[in-house]
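A.B. asks: The structure is given below, and queries will be raised subsequently.
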Amino acid sequence: MGVVNVTEDSFSDGGEWLGPGAAVAHARALLADGADIIDVGGESTRPGAVRVDADVELGRVVPVVAELAAEGIPVSVDTMRADVAEAAIAAGAALINDVSGGLADSRMLEVCAAGNVPVCLMHWRTDRFGSASGRAEPSAEGIVAEVTGHLRSLVDAAVAAGIPEERIILDPGLGFAKNADDNWALLHALPELVGMGLPVLVGASRKRFVATVVDGVARSPRDADDATAAITALSAAAGAWAVRVHDVARSRDA
């Protein structure tokens, strides 16, 4: 899964692909490098990011989705807003990737069910979406049990909203309110996550815990691409459905 951030402030490449033309060209380049699906996002979810207005997100995402889908390119849309998901599905999106797990917008699961598209549900340790989003602090049960338990609750909610289990993808939420030990524990537990019986998406690309893995020294996000490729290989060996990456060529070679 190749990442196309149509944003001004994403931690890795904010502003580089902000216009529709640049975003579409970048998506084509990622496909040429071996991507199977393109993940288009119009709102950064980096730590400290300020949410953009819905009309801004729509204006960034929908034209890109429409052009790529018209070319027969499978497109995922990274959004927490049901209105954006609905417009993206109408424009041809094949998957909705919601990092809130369907909790940020009460209509999201309904929209995905009606649109007959798969949805990716992620674990995010936060209380910003209300009590239903789970703990804002670490649990005593350990990160793996916390994540698997929360993901099961998200699956139950999605099924209750009319989304068949076979259209649900799980994401452990690497880097989302988790420390390095949490992230590595989840990567080590990928076989257990895959054992939940649903496709698993791994999103480690260019995140801080990856950029400091060699000697503990923080590097630029792009300097983490080799380490990301190693995680791609480990994820594939563990049976992950896909990896979400910025540098597709390096991960494909891994």
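The values are calculated or read from the model by the stated rules, or taken from the named source; none is laboratory data. Everything numeric here is computed off the predicted structure, so don't read it as measured data. Quick reminder, even Gly has a Cβ in these numbers, built from the backbone with ideal geometry, and neighbours come from all protein chains shown.
A.B. asks: Among the strands (runs of 3 or more DSSP E) confined wholly to the stretch 10-120, which include 1 or more residues that are of a type in the set (S, T, Y) and within 28 Å of A254 (Cα to Cα)? Can you show your working first?
C.D. replies: On the way: elements: 38-41, 75-78, 95-98.
Result: 75-78.
A.B. asks: While we're looking at this one, here's another question. Kindly indicate which of E141, E165 is over 24 Å from D225 (Cα atoms), touching a residue at least 24 places away in the same chain (Cβ under 8 Å) and in contact with a helix residue (DSSP H, G or I) (Cβ under 9 Å, 6 or more places away or on another chain).
C.D. replies: Values: E141 fails: touching a residue at least 24 places away in the same chain (Cβ under 8 Å).
Only one candidate qualifies: E165.
A.B. asks: Take M122 and decide whether it is in contact with a helix residue (DSSP H, G or I) (Cβ under 9 Å, 6 or more places away or on another chain), more than 22 Å from T232 (Cβ to Cβ) and at pLDDT 95 or above. Full working, then the answer.
C.D. replies: On the way: in contact with a helix residue (DSSP H, G or I) (Cβ under 9 Å, 6 or more places away or on another chain): yes; more than 22 Å from T232 (Cβ to Cβ): no; at pLDDT 95 or above: yes.
The answer is no for M122.
A.B. asks: Sticking with this one: When you look at G149, is it surrounded by fewer than 18 Cβ atoms within 10 Å (Cβ to Cβ), in a loop (DSSP other than H, G, I, E, B), out of contact with any Phe, Trp or Tyr (no Cβ under 7 Å at 6 or more places or on another chain) and not aliphatic (A, V, I, L, M), yes or no?
C.D. replies: On the way: surrounded by fewer than 18 Cβ atoms within 10 Å (Cβ to Cβ): yes; in a loop (DSSP other than H, G, I, E, B): no; out of contact with any Phe, Trp or Tyr (no Cβ under 7 Å at 6 or more places or on another chain): yes; not aliphatic (A, V, I, L, M): yes.
Considered against the rule, which asks whether it is surrounded by fewer than 18 Cβ atoms within 10 Å (Cβ to Cβ), in a loop (DSSP other than H, G, I, E, B), out of contact with any Phe, Trp or Tyr (no Cβ under 7 Å at 6 or more places or on another chain) and not aliphatic (A, V, I, L, M), G149 comes out as no.
A.B. asks: Being of a type in the set (D, E), in contact with a strand residue (DSSP E or B) (Cβ under 7 Å, 6 or more places away or on another chain) and at pLDDT below 95 narrows it down to one residue among D13, D39; which is it?
C.D. replies: Numbers: D39 fails: at pLDDT below 95.
Matching residue, one of D13, D39: D13.
A.B. asks: If I go through the stretch 70-92 residue by residue, how many of them are over 14 Å from V4 (Cα atoms) and either at pLDDT below 95 or buried (at least 18 other Cβ atoms within 10 Å of the Cβ) (or both)? Break it down stepwise before answering.
C.D. replies: Step one: list which residues in the stretch 70-92 are over 14 Å from V4 (Cα atoms), which gives 70-72, 80-92.
Now narrow it down to the ones that are either at pLDDT below 95 or buried (at least 18 other Cβ atoms within 10 Å of the Cβ) (or both): 80-82, 84-89, 91-92.
Matching residues across the stretch 70-92 total 11.
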